[in-house]
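Have a look at the structure below before the remarks.
The values are calculated or read from the model by the stated rules, or taken from the named source; none is laboratory data. If you're wondering where the values come from, they're calculated on a predicted model, not measured in any experiment. Glycine gets a Cβ as well: all are built from the backbone with ideal geometry, and neighbour counts include every protein chain shown. The accessibility values were calculated without ligands, DNA or RNA, using every heavy atom of the protein model including side chains. Shrake-Rupley method; radii C 1.70, N 1.55, O 1.52, S 1.80 Å.
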Amino acid sequence: MEAYHHQAMESTYLLTYRPWKALLLLSFPMILGNLFQQLYTMADSAIVGRFVSSSALAAVGASYALTNIFICVAIGGGVGASVIVSRHFGAGEYGQMKKAIYTALVSFLILSILLGITGLLLSRTLMVALNTPRDILSMATEYLGIYFIGLPFLFMYNVLSSMFNALGRSRIPLLFLIFSSAMNVVLDLIFVISFGLGVAGAAWATLIAQGISALLSFCVLRRHITRLSGERTGIFSTTMLKEMVRIAIPSILQQSTVSIGMMLVQSVVNGFGTEALAGYSAGMRIESICCVFMNGYGTALSAYAAQNLGAGNPERVRKGYRAANILVAITALMLLLVIESLKEDLIMLFMSDDVSKAAMETGVGYLGFIGFFFALIGFKMAVDGVLRGSGDMTAFTIANLVNLSIRVLVAAICAPRFGIAFVWYAVPIGWATNWLISFIEYSRGRWAAKG
């Protein structure tokens, strides 16, 4: 037990280490974990795109924006809950911390079951509403239906990961995720290539891998928290749930902004045909990988801010914010160099050798443009991380709504008239506006009194 308490003390490094070092220690495992999580959808897309057809790639891509919304609900809800857990952990209130963890798990399990049932019943309706091309509608509907069956596993894994991150133990979910990502790739190859199950095989592979990961994560977290001092008084608190919801709803909105925008503009992209959709889907896969780094810094800064404000040290949060922006700038430059040098090769990872000119031009055009603007989303996520970690949510919410509105309006109005490129021209404008609104709120300093 003494050794374990020493281990628990080490997980308070967010309160004691130099800001850049603390953020790197927390964000690096989270970034690796999210990269492996992206392997789920990337493996699905790459394997069906190369070994089935570009239509199969388009079918998986047709539901990507929609499925990503549910991932964002899970991640955003977990981040919101982790703020409460981080505060109790930073204050040494381990009994309250345990109750907060169980409150989050129970709440999101119920929510995921309800959303999964609803989504399963409405899968085809949703795909039709997104203007999915007729030649891939059945495949896209089948893939989405299986996805909804596994929604509770997806929610539980992401919420459990947020709980580990709140405790400064982000390496634990990383290990499980590496294992399950590898399993997903192996199952993809077996189900899609050996069994010939097409997009359905890719969906079942993801469900099985995520289910195993979620169950393992729960067992380890339960063992971890039961060994901490402090008695848990019940497994559910309405008061804690209300506070989690207050923080989680704007967090979900922030996490979902890109995905909601993607879903709403997806119907615009779909209008350009299956081949354009295939190229766009490939480009989006690469973009999602790049955004993982920026999201990792923002999420780490959220936990960092919550713990340090809980410990009464707002000046340390300011130093952490400056350190996060430096990390963002360095990372954005490295991503730009890689993308501009290898954009054609990156798109071809998802295409068969007989890829059409339209698909290739769309994917390369999108990726080549967006690569210049990843610093913007990084700066946005960093300042949003401070506001979210402090519970200062009003400007945070407004900024993300403005971001979403700009992306949707420009794509819906301009793309049908002037070409598909206007779908991505709106992206950096939305990111920059989001950052400006949130930064003005950060500069006012009200967040420092909310911890």
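Using a 1.4 angstrom probe on heavy atoms only, work out the carbon and sulfur share of the accessible area of region 48-111 in %. The nonpolar share, carbon plus sulfur, comes to 62 percent.
Two numbers describe the Cα atoms of region 314-371: Rg and Dmax, which are 17.2, 57 Å.
If I stretch the segment between residue 412 and residue 357 completely, what's the gain in nm (0.36 nm per residue apart, minus their alpha carbon distance), one decimal?
Length gained, residue 412 through residue 357: 17.4 nm.
Principal-axis analysis of the Cα atoms of the chain puts helix 357-370 at an angle of about 30° to the longest axis.
Beta carbons within 10 angstrom, averaged per residue: use that to sort the peptides 296-306, 311-321, 204-214, highest first.
296-306, 204-214, 311-321
Among rounded, prolate and oblate, which fits region 100-185 when a ≥ b ≥ c are the square roots of the eigenvalues of its C-alpha gyration tensor, a/c under 1.5 means rounded, and a/b larger than b/c means prolate? Judged from the Cα gyration tensor, region 100-185 comes out oblate (a/c at least 1.5, b/c at or above a/b). How much of the accessible area of region 315-451, in percent, comes from carbon and sulfur atoms when a 1.4 Å probe is used? Carbon plus sulfur share of accessible area: 69 percent. Here residue 362 sits with roughly 20 square angstrom of accessible surface, probe radius 1.4 Å. Near the amide H of residue 195, within less than 5 Å, lie no amide hydrogens of residues on another chain or at least 5 residues away, with H placed in the peptide plane. For helix 198-226, report the angle its Cα long axis makes with the longest principal axis of the Cα atoms of the chain; keep it between 0 and 90° and round to the nearest 10°. So the inclination is approximately 0 degrees. Phi angles of region 16-33 translate, via the Karplus equation with coefficients 6.51, -1.76, 1.60 and θ = phi - 60°, into HN-Hα couplings of 10, 6, 4, x, 5, 5, 4, 5, 5, 4, 7, 6, 4, x, 5, 5, 4, x Hz per residue; Gly and Pro are given as x.
Angle of helix 374-390 to the longest C-alpha principal axis of the chain, folded into 0 to 90 degrees and rounded to 10: 30°.
Under the simplified labelling scheme, the residue 117-residue 398 pair shows an inter-label distance of 4.0 nm, with each label point 7 Å from Cα along Cα→Cβ. Its relative contact order, with pairs defined as Cα atoms under 8 Å and 6+ residues apart, puts region 286-346 at 36 percent. Stretching the chain fully between residue 219 and residue 109 yields a gain of 38.1 nm (0.36 nm per residue, less the alpha carbon separation). Given N residues in the chain, what is its alpha carbon radius of gyration divided by 2.2 N^0.38 Å? Here the answer is 0.94, to two decimals.
For the chain, averaging the sequence separation of C-alpha pairs within contact (under 8 Å, six or more residues apart) and dividing by the residue count gives a relative contact order of 24 percent.
Quick check on region 319-411: take the gyration tensor over C-alpha atoms, sort the square-rooted eigenvalues as a ≥ b ≥ c, and tell me if it's rounded (a/c under 1.5), prolate or oblate. Oblate, since a/c reaches 1.5 and b/c is not below a/b. Counting only lysines at least 8 places from residue 242 when in the same chain, those with an alpha carbon closer than 19 Å to its own are 98, 99, 450. Only helical runs count toward this figure. For the chain, summing -39,500 (n - 2.57) over DSSP H runs of n ≥ 4 and dividing by all residues gives -29000 deg cm²/dmol at 222 nm. Annotation: lysines with alpha-carbon distance below 28 angstrom to residue 343 (same-chain offsets under eight excluded): 357, 380.
Annotation: per residue accessible area for the chain equals 38 Å², rounded to a whole number [probe 1.4 Å, protein chains only].
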